[in-house]
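Undergrad: Handing you this structure, nothing more for now.
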Amino acid sequence: MVLTREVFHVNTKTIVIPVEGMTCLTCEITVTQALRKVEGVIGASASAKEKSAKVTYDSNKTNVHKLVEAINRTGYKASPVRNAKPKRNEEDF
């Protein structure tokens, strides 16, 4: 019996997206759930206190534009930070 190890290259990035209009826990849950439904999102959390959402995603499957669209569809206002570069993480699993 031969065992093989498959190696997956994941190109992950983490970005903080400003979100206007969140005021409570329900707002945070709504934004977080919308982001987690986007294909390629690995993790997401929104904070009404910080007025932002932190998202870790696979840049081979999605991009910041799609993340912003997902937030805006919930009724909150999101826009990418200009001149901000996402943190890039590369891992082999």
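The values are calculated or read from the model by the stated rules, or taken from the named source; none is laboratory data. None of the values given here were measured: they were computed from a predicted structure. In this analysis, Cβ positions are derived from the backbone assuming ideal geometry, glycine residues included, and neighbour counts consider all displayed protein chains. For accessibility, only protein heavy atoms count, side chains too; no ligands or nucleic acids. Shrake-Rupley method; radii C 1.70, N 1.55, O 1.52, S 1.80 Å.
Undergrad: Please find, within segment 33-84, the residue that is farthest from Glu20 (Cα to Cα) out of those that are in a loop (DSSP other than H, G, I, E, B) and polar (S, T, N, Q). Give the steps one after another, and end with the answer.
TA: Restricting attention to segment 33-84, the residues satisfying the condition of being in a loop (DSSP other than H, G, I, E, B) are 37-40, 48-51, 59-63, 74-76, 79-84.
Among the residues that remain, those that are also polar (S, T, N, Q) are: 59-60, 62-63, 74, 79, 83.
Details: Ser59: 24, Asn60: 27, Thr62: 22, Asn63: 20, Thr74: 11, Ser79: 9, Asn83: 19 Å.
Ranking the candidates gives Asn60 first.
Undergrad: Further, regarding this structure: Go through segment 18-32 and give me each residue that's surrounded by 18 or more Cβ atoms within 10 Å (Cβ to Cβ) and part of a strand (DSSP E or B).
TA: Val19
Undergrad: Kindly provide the set of residues from segment 39-61 that are hydrophobic (A, V, I, L, M, F, W, C), closer than 17 Å to Arg73 by Cβ and open to solvent by less than 20 Å² (accessible area, probe 1.4 Å), ordered by number. Before you say what the answer is, go through the steps one by one.
TA: Applying the first criterion (hydrophobic (A, V, I, L, M, F, W, C)) to segment 39-61 yields 41-42, 44, 46, 48, 53, 55.
Add one more test, that the residue is closer than 17 Å to Arg73 by Cβ, and what stays is 41, 44, 46, 53, 55.
Those that are hydrophobic (A, V, I, L, M, F, W, C), closer than 17 Å to Arg73 by Cβ and open to solvent by less than 20 Å² (accessible area, probe 1.4 Å): Ala44, Ala46, Ala53, Val55.
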